[in-house]
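The values are calculated or read from the model by the stated rules, or taken from the named source; none is laboratory data. From a predicted model like this one, the values you see are computed outputs, not experimental measurements. Here the Cβ positions follow ideal geometry from the backbone for every residue, glycine too, while neighbour counts run over all protein chains shown. Ligands, DNA and RNA are stripped out before the accessible areas are found, and what is left, the full protein with its side chains, is counted by its heavy atoms. Shrake-Rupley method; radii C 1.70, N 1.55, O 1.52, S 1.80 Å.
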Amino acid sequence: MTPTAAPAADPYLLTPGPLTTAASTKAAMQRDWGSWDADFRAMTARLRAALLEIAGATDLNYDCVPLQGSGSYCVEAMLGSFVPRDGHALVLANGAYGKRIATTLRYLGRDHTVHDTGDYLPPRAADVERLLAANAAITHVVVVHCETSSGILNPVGEIAEVVARSGRRLLIDSMSAFGAVPLDMRTLPCEAFVSSANKCIEGVPGFGFVIAKKRALEAARGNSHSLALDLHDQWDVMNRTGQWRFTPPTHAVAAFLEALRLYAEQGGQPGRLARYTRNRDVMVAGMQTLGFEPLLTDVWRSPIIVTFFSPAHANFSFTRFYELMKEQGFIIYPGKLTNVESFRIGCIGALDEAVMRRVVAACATALRTMGVPDGAPEHASLDAREALAA
Ligand SMILES: Cc1ncc(COP(=O)(O)O)c(C=O)c1O
């Protein structure tokens, strides 16, 4: 089903969250809620139950702990609560968010080892198995589901298998993937994963949530370095009182419940995956007709966000391109790769393939205005992609 379009005056956000939300999701924020009030407590309970259902975890021993703050706060809460002070995490990094996990662990003073496969390559099960066999100190493995900095979709299924087989615990940053890319605790068990309100469920920013085994939440007592980010305590208080420990993002919760209603109406996870996949395919095909080349081969390309190499032509400037796209009603995203010039276009949010066609037309207009004949990148950029395909 086509999502409700953004009001004409709002630009479309082709960014991986905050993203374009439906008009009714924005409208749900028009009322004020008392945080202590029974109505708001019921809203929190509904939100937790709905998220467990999406994760396929209703009948399993999992619970959902919402937490105030952006996604990084929830990642930090997950790491600080579940990796014990004498634990050791193996971080599978292939982009900025994997690197941020390692930085967070350093701040937390938790021992960790980084397995970095660079911007183009996913971590593979065989390598993880080898690393786990070589280091008995490792207690946890941390992986990013969709590495939003490049758009690569990491093979969490095969990684979960080897982690379970070797008796270690898996923590997943599924920030930009959960809700659209399948992540079902019945088939892909993990210790915990994290996501946030303003990604594939299409809510507004303000909180994230961790879905974790109850056993892990119980065992997390006393692990956290931080009161505000202590998931055990947040869980315990929420279960006993129905309340968030500190001021909740009431309007963001109300918006999220409306986003969840639309999510169910639009076919849940399969519906969302189908729409985002179509968004991606229409957009990538259109961009390729303009000469643009995506960073990743289609095996690893997520339906969340696509990285394109910047055009090689001397007249191309990302800043100018960005402004020209904005003038036409589209906010795009700069690249986040370490060694090549790139930019990104998100496929998620309340937008559909008709919008994506307009995005491609806007890119064509922007190129024309800049005097850039086509989007073809430098040959050297493509070499790395060929290496990935080999
Ligand atoms: C995979 C991933 N992890 C972590 C984050 C950090 O979330 P935030 O920017 O909300 O702190 C993001 C943000 O887009 C992300 O995509």
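Structural remarks
- As a ratio to 2.2 N^0.38 Å, the alpha-carbon radius of gyration computed for region 82-194 takes the value 0.96.
- Measuring r between the beta carbons of R130 and M370 and using R0 = 41 Å, the FRET efficiency lands at 0.30.
- Across the protein chains, with a 1.4 Å probe defining accessible surface, the residues V156, V299, V114 rank V299, V114, V156 from largest area downward.
- Summing charges over neighbours of A57, with a neighbour being any other residue whose Cβ is under 15 Å away from its Cβ, gives 0 when K and R count +1 and D and E count -1.
- Sorting 234-240, 311-317 by average packing, meaning the other beta carbons within 10 Å per residue, from highest down gives 234-240, 311-317.
- Three principal axis lengths of the chain [C-alpha, angstrom, descending]: 62, 55, 33
- Amide H contacts under 5 Å for E378, placed H, 5+ residues apart: A312
- Estimated translational D of region 6-150 in µm²/s (Stokes, Kirkwood radius over Cα pairs; 25 °C; 0.890 mPa s): 133
- All alpha carbon pair distances within region 235-390 were sorted into 5 Å bins beginning at 0; the resulting P(r) in whole percents reads 2, 8, 15, 18, 15, 12, 9, 7, 6, 4, 2, 1, 0.
- Counted by Cβ distance under 12 Å from E258, the other residues give a net charge of +2, where Lys and Arg count +1 and Asp and Glu count -1.
- Computed over region 24-264: relative contact order in percent, which uses C-alpha pairs under 8 Å that are six or more apart: 30
- In summary, the lysines within cross-link reach of K99, defined as a Cα separation below 29 angstrom excluding same-chain residues under 8 places away, comprise K199, K213, K214, K336.
- Per residue accessible area in Å² of the chain, where ligands, DNA and RNA are left out and the probe is 1.4 Å: 40
- Projecting the Cα atoms of A255, L296, Q234 onto the charge dipole of the chain (Cβ charges, centred on the Cα centre) puts Q234 farthest toward the positive pole.
- Dipole size of region 95-244 about its Cα centre, with +1 on Lys/Arg Cβ and -1 on Asp/Glu Cβ: approximately 320 debye, rounded to the nearest 20.
- Whole-number D in µm² s⁻¹ for region 319-380, Kirkwood Cα-pair radius fed into Stokes-Einstein, 10 °C, 1.306 mPa s: 125
- Charges were assigned to the Cβ only: +1 to each Lys and Arg, -1 to each Asp and Glu. The resulting dipole of the chain about its Cα centre is roughly 460 debye.
- Selected from S166, S81, S196 as most flexible by GNM, with the chain as the system and alpha-carbon contacts under 10 Å: S166
- Using only the C-alpha atoms, the convex hull of region 237-279 corresponds to 103 Å³ per residue.
- Rounded percent of accessible protein surface that carbon and sulfur make up, the chain, 1.4 Å probe: 53
- Globularity index of region 277-332 is 1.19 (Cα radius of gyration / 2.2 N^0.38 Å, N = number of residues).
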